[in-house]
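Read the structure below first, then the notes.
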Amino acid sequence: MSTARELLSVTGLVKHHHTAGGMVRAVDSVSFGVATGETLGLVGESGCGKSTLGRTLIRLHEPDEGAIVFDGTDITHLGRRALRPVRRHLQMIFQDPYASLNPRRSVEQILSEPFEVHGVGDRFDRRERVGSLLARVGLRSDHAGRYPHEFSGGQRQRIAIARAIALEPKLVVCDEPVSALDVSIQAQIINLLRRLQTESGISYVFISHDLSVIGHLADRIAVMYLGEIVEIASRSALWHEPLHPYSQVLFSAIPIPAAPSQARRRRVAMAGEPPSPIDPPPGCRFHTRCPHAMPRCREDAPRLGVVAGGTGGQRRVACHLYEAQ
């Protein structure tokens, strides 16, 4: 992916939610990029800010600070009218397909809507496009007249995927799209997403708490903790040699295929509960649970910096243990 053109560039992105209990620092100074045709996996504990980040990327949430550059255009503060043509190329698939599909509209109406909004084709052309979309996601053309409640969870997610790819987007944010499905159905949806990427070169930001799912799809993985990205590396690097102490905890439970020592791979434990995003600790936010915490970790927040060497080559890590490298 190093030679591919960068499609999405995020710099210093901040999104805070104001609640009755205080300000939730859901996304705090996050920076990363996604190349054309790449899948970036985004992992972390529940409540770490993954979904908020995904929604902010496509401007369902308004960013408080930072910049989002998509396909060479800064979309951070684009107004509704200026953002409309961008949305053709920037789509999202949600976790619950039943909640994201209008139960009062037929599949044909649901899949025709993107074409209607963007003025693509006439009524007859749209009907043909709907049939083609259904075929691409493994559904029959006669499904077009049915309603969401008449389908299984896996079929509904296929419909949601069809809607997301209707206008041939360049980037799709997938927010836990298989977590509500049975394992066998999960595999089918993952294979569908991979096939669509092969066919059209779509880029994905794939959000999941399930590392096995991420392992099947992601080219690179960003590890998120309490609103911040603490490590970004290739899938291979994180599978075989995670560097950040939090990454080591997450990936220590995953066996390495074909590794002679996988049965003896050491499980890394993590003490305590994550701090509140309303009142995160000073310094490194992981220091309250980190077995390697040093005095400076309690005061000085590490920056996400480049670390060279090790399995998988270069990666970025936010940890004082690696700042001298």
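The values are calculated or read from the model by the stated rules, or taken from the named source; none is laboratory data. All values derive from a computational prediction rather than experimental measurement. Reconstructed Cβ throughout: ideal geometry from the backbone, glycine too, with neighbour counts over all protein chains shown. All accessible areas refer to the heavy atoms of the entire protein, side chains included, with ligands and DNA or RNA removed. Shrake-Rupley method; radii C 1.70, N 1.55, O 1.52, S 1.80 Å.
Some notes on this structure:
- Selection within region 87-100: residues that are hydrophobic (A, V, I, L, M, F, W, C) and at pLDDT below 95. The member of this set that is most open to solvent (accessible area, probe 1.4 Å) is Ala99.
- One residue from His216, His240, His209 being modelled with pLDDT under 95, on the phi < 0 side of the Ramachandran plot and touching a helix residue (DSSP H, G or I) at 6+ places or on another chain (Cβ under 7 Å): His216
- Selection of region 149-168 for residues being within 25 Å of the chain's Cα centre (by Cα), assigned to a helix (DSSP H, G or I) and more than 13 Å from Ser112 (Cα to Cα) yields Gly153, Gly154, Gln155, Arg156, Gln157, Arg158, Ile161.
- Summed over region 227-242, the residues that are crowded, with 23+ Cβ neighbours inside 10 Å, part of a loop (DSSP other than H, G, I, E, B) and touching a residue at least 24 places away in the same chain (Cβ under 8 Å) give a count of 1.
- For region 293-325, a residue qualifies if it is at pLDDT below 90 and either open to solvent by 80 Å² or more (accessible area, probe 1.4 Å) or among the polar types (S, T, N, Q) (or both), and the qualifying residues are Thr311, Gln314, Glu323, Ala324, Gln325.
- Test: residue in region 23-31 that is in contact with a His (Cβ under 8 Å, 6 or more places away or on another chain), open to solvent by 40 Å² or more (accessible area, probe 1.4 Å) and at pLDDT below 95: yes
- Residue ID - surrounded by the most Cβ atoms within 10 Å (Cβ to Cβ), chosen from residues in region 101-118 that are among the hydrophobic types (A, V, I, L, M, F, W, C) and either at pLDDT 95 or above or closer than 17 Å to Ala135 by Cβ (or both): Val107
- Ala187 satisfies every condition listed in (1) under 18 Å from the mean Cα position of the chain (by Cα); (2) open to solvent by less than 10 Å² (accessible area, probe 1.4 Å) except (2).
- Taking the listed residues Thr76, Thr19, Thr11, the one that is without any contact (Cβ under 8 Å) to a residue 40 or more places away in the chain and either among the polar types (S, T, N, Q) or surrounded by fewer than 20 Cβ atoms within 10 Å (Cβ to Cβ) (or both) is Thr76, with no other qualifying.
- Within region 190-216, tally of residues that are open to solvent by 10 Å² or more (accessible area, probe 1.4 Å) and either in contact with a Lys or Arg (Cβ under 6 Å, 6 or more places away or on another chain) or within 26 Å of Ala26 (Cα to Cα) (or both): 5
- Scanning region 123-147 for residues that are not basic (Lys, Arg) and not in a helix (DSSP H, G or I) turns up Val137, Gly138, Leu139, Tyr147.
- Flag if Ser132 is within 24 Å of Thr198 (Cβ to Cβ), over 24 Å from the mean Cα position of the chain (by Cα), modelled with pLDDT of 95 or more and among the small types (Gly, Ala, Ser): yes
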